[in-house]
Amino acid sequence: TSRTPLMAGNWKMNLNHLEAIAHVQKLAFALADKDYDAVEVAVLVPFTDLRSVQTLVDGDKLKIKYGSQDISEHVSGAYTGEISGPMLAKLKCAYAVIGHSERRQYHGENEEIVNAKVKAAFAHGIVPILCIGEGLDVRKAGNQVAYTLAQLDGALADVPAEQAATIVVAYEPVWAIGTGEVATPEDAQEVCGAIRARLSGLYGQEVADKIRVLYGGSVKAGNVAAIMAQPDVDGSLVGGASLDADEFVRIVRFRD
Ligand code: G2H
């Protein structure tokens, strides 16, 4: 296929703004000697790091993209502590992670909220990295495909094909997140393939073929190549292993 792989580092609640600058500089330096157009690189950083990363990326014309780990479903108003689409658009965020399992678990984000956030991101020119995936109970019962597709349907309700064509979907089985328990390449392909088939059903094959479907959950330099060899896996959302710039560079260079 012609999909450009995407390797996206989800820093979660780590690195302050000075560490963020040092980290992105390290990435830029390590990737500069290489034509890394073949792989798109993104960092998904705490809100407080966004301005620092923007200054560096814009100033040095780096190819590294960046985005936030959440977005408010509201445009403005009395929502203490929230960050809006217009604010993120002003900081030129390319991406916003939406519906990460940690947001669903600790902040009660349900399908309605996730759907509203997907629409809010698109409304402000920000591409959602939509996270879906089953927990251990669902996996043990063998219902991972149906469960994950139901999350996909909910998140994409009333999202038109022109927008959906640009979305990034991250399949993150909750039992594999930060646990060191990585899904097998076959596990990843089973659900990522089912996600693409559902996208084809919703929007047609042409749109489905454009959408990047990532795998996330304990991806490291040592296991990324086998996962990337699967036909419906177009990249990874990398948490823990993305905090070490050298390790993340090895993940980006998974083809080497
Ligand atoms: C899953 C992933 C990145 P980790 O949350 O979103 O984190 O690679 O640490 O499992």
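For segment 164-186, residues that are crowded, with 16+ Cβ neighbours inside 10 Å and away from the ligand (no atom under 14 Å from the Cβ) total 4.
The set of residues in segment 148-161 that are over 19 Å from the mean Cα position of the chain (by Cα) and assigned to a helix (DSSP H, G or I) contains only Ala161. Screening Ala150, Ala120, Ala161 for residues that are touching a Ser or Thr at 6+ places or on another chain (Cβ under 8 Å) and away from the ligand (no atom under 16 Å from the Cβ) leaves exactly one candidate, Ala120. Across segment 43-81, the qualifying residues are those that are more than 20 Å from the chain's Cα centre (by Cα) and acidic (Asp, Glu), and the one among them that is surrounded by the most Cβ atoms within 10 Å (Cβ to Cβ) is Asp60. Could you check segment 66-109 and list, in sequence order, the residues that are touching a strand residue (DSSP E or B) at 6+ places or on another chain (Cβ under 9 Å) and in a loop (DSSP other than H, G, I, E, B)? Within segment 66-109, Gln69, Asp70, Ile71, Ile83, Leu91, Lys92, Cys93, Ala94, Gly99, His100, Glu109 meet the criteria.
Here is a check on your reading of the model: is Val127 modelled with pLDDT of 95 or more, in contact with a helix residue (DSSP H, G or I) (Cβ under 6 Å, 6 or more places away or on another chain) and either of a type in the set (A, V, I, L, M, F, W, C) or buried (at least 24 other Cβ atoms within 10 Å of the Cβ) (or both)? Criteria not met by Val127. Within segment 6-17, the set of residues being part of a loop (DSSP other than H, G, I, E, B) and away from the ligand (no atom under 16 Å from the Cβ) comprises just one member, Asn16.
Total residues in segment 142-195 satisfying the condition of being touching a Leu at 6+ places or on another chain (Cβ under 8 Å), small (Gly, Ala, Ser) and within 14 Å of Asn115 (Cβ to Cβ): the figure is 2.
Given segment 190-256, what helices (runs of 4 or more DSSP H) lie entirely inside it while holding 1 or more residues that are surrounded by fewer than 24 Cβ atoms within 10 Å (Cβ to Cβ) and within 16 Å of the ligand (Cβ to nearest atom)?
Helices (runs of 4 or more DSSP H) meeting the threshold: 224-228, 245-252.
The residues of segment 63-82 that are more than 24 Å from Ala170 (Cα to Cα) and not β-branched (Val, Ile, Thr), listed by number, are Ser76, Gly77, Ala78, Tyr79, Gly81.
The values are calculated or read from the model by the stated rules, or taken from the named source; none is laboratory data. What you see is a predicted model, and the numbers here were worked out from it, not measured in a lab. When we count neighbours, we look across all protein chains shown, and the Cβ atoms used for this are built from the backbone with ideal geometry, even at glycine.
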